[in-house]
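One structure below.
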Amino acid sequence: MRELVRQTLIDNPEILAEAMQALQTKRAAAAAAEQSAAIRDNQAEMVRADDPFLGPKAAKVSVVEFFDYNCGYCRAAFPDLQATLKAHPDARIVIKDLPVLGPESVAVSRLALAARKQGKYAEYHTALMATRARLDEATALNVAKELKLDVEKLKKDSQAKEVEDTIARNHALAEALGINGTPSFVIGETLIPGKVSADVLAQAIAEARKTAKN
């Protein structure tokens, strides 16, 4: 029997290719199911009341973005996110700071989160994402000055425990979801890694809209 199987595979090598393809498909489906389960299990942390966001507060669909201010792909994706908000008024972008590119990124995330205290988070976030140079604390503070934020208050608020806790929670959530890079997006029960186009976001929003609670 073993020799028969061996000879069959030698005579029909395409069987091996088909078997490998089937195995890969099965593993991908299992991984997707496991990821969807992880998203469901972490719904309480996925969208928190104190999360910064862009778009309407009472949006029907939330696009959760894990990002780093110094991530080039995150910056490249930002115009598509802005276009998505314009095209889908029932959607919002929930922003999860995930500074993974060094201490400079951590410092900038702290300042951005602190801007919530001055009611200028969205404006500050947008300006930071439009900056082409690598961001560090000094550069981010210069952007804050241009926007007329109280820089001394911003620096003080950036050291608050609530800011530290927010970043720590985001890292823990990313680990639970198996996220290992930025940007990463969670829409409904789907995780999309990497830069995505406005068209892909639109398709994911349409799917999430079907199951969103009214």
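The values are calculated or read from the model by the stated rules, or taken from the named source; none is laboratory data. Owing to the predicted nature of the structure, the values given are computational and were not obtained by experimental measurement. Counting neighbours? That spans all protein chains shown, and the Cβs are built from the backbone with ideal geometry, glycine included. With ligands, DNA and RNA removed, areas are computed over all heavy atoms of the protein, side chains included. Shrake-Rupley method; radii C 1.70, N 1.55, O 1.52, S 1.80 Å.
How about segment 121-157: which of its residues are of a type in the set (Gly, Ala, Ser), touching a Ser or Thr at 6+ places or on another chain (Cβ under 9 Å) and assigned to a loop (DSSP other than H, G, I, E, B)?
First, pick out the residues of segment 121-157 that are of a type in the set (Gly, Ala, Ser): 122, 127, 130, 133, 138, 140, 144.
Still in the running and touching a Ser or Thr at 6+ places or on another chain (Cβ under 9 Å): 133, 140.
Passing the criteria: only 133.
To keep it simple, each residue is scored yes or no on (1) aromatic (Phe, Trp, Tyr); (2) part of a strand (DSSP E or B).
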{"residue": "169", "(1), (2)": "no, no"}
{"residue": "175", "(1), (2)": "no, no"}
{"residue": "181", "(1), (2)": "no, no"}
{"residue": "185", "(1), (2)": "yes, yes"}
{"residue": "191", "(1), (2)": "no, yes"}
{"residue": "196", "(1), (2)": "no, no"}
{"residue": "201", "(1), (2)": "no, no"}
{"residue": "210", "(1), (2)": "no, no"}
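Examine segment 40-53 for a residue that is of a type in the set (Gly, Ala, Ser), more than 14 Å from residue 185 (Cβ to Cβ), open to solvent by less than 50 Å² (accessible area, probe 1.4 Å) and part of a loop (DSSP other than H, G, I, E, B), and state whether such a residue exists. Don't jump to the end; show me each part of the working.
Initially, segment 40-53 is screened for residues of a type in the set (Gly, Ala, Ser), giving 44, 49.
Checking the rest, the ones that are also more than 14 Å from residue 185 (Cβ to Cβ) come to 44, 49.
Add one more test, that the residue is open to solvent by less than 50 Å² (accessible area, probe 1.4 Å), and what stays is none.
Checked segment 40-53: no residue is of a type in the set (Gly, Ala, Ser), more than 14 Å from residue 185 (Cβ to Cβ), open to solvent by less than 50 Å² (accessible area, probe 1.4 Å) and part of a loop (DSSP other than H, G, I, E, B).
If residue 125 passes every condition in (1) within 18 Å of residue 97 (Cβ to Cβ); (2) at pLDDT below 95 but one, which one does it miss?
(2)
Would you pick out the residues in segment 180-198 that are open to solvent by 10 Å² or more (accessible area, probe 1.4 Å) and among the hydroxyl-bearing types (Ser, Thr, Tyr)?
182, 190, 197
This table checks each residue for (1) modelled with pLDDT of 95 or more; (2) open to solvent by 50 Å² or more (accessible area, probe 1.4 Å); (3) among the polar types (S, T, N, Q).
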{"site": "85", "(1), (2), (3)": "no, no, no"}
{"site": "90", "(1), (2), (3)": "no, no, no"}
{"site": "95", "(1), (2), (3)": "yes, no, no"}
{"site": "108", "(1), (2), (3)": "yes, no, no"}
{"site": "148", "(1), (2), (3)": "yes, yes, no"}
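Looking only at segment 123-142, filter to residues that are within 18 Å of residue 79 (Cβ to Cβ) and charged (D, E, K, R); which one of those is surrounded by the most Cβ atoms within 10 Å (Cβ to Cβ)?
The residue in question is 123.
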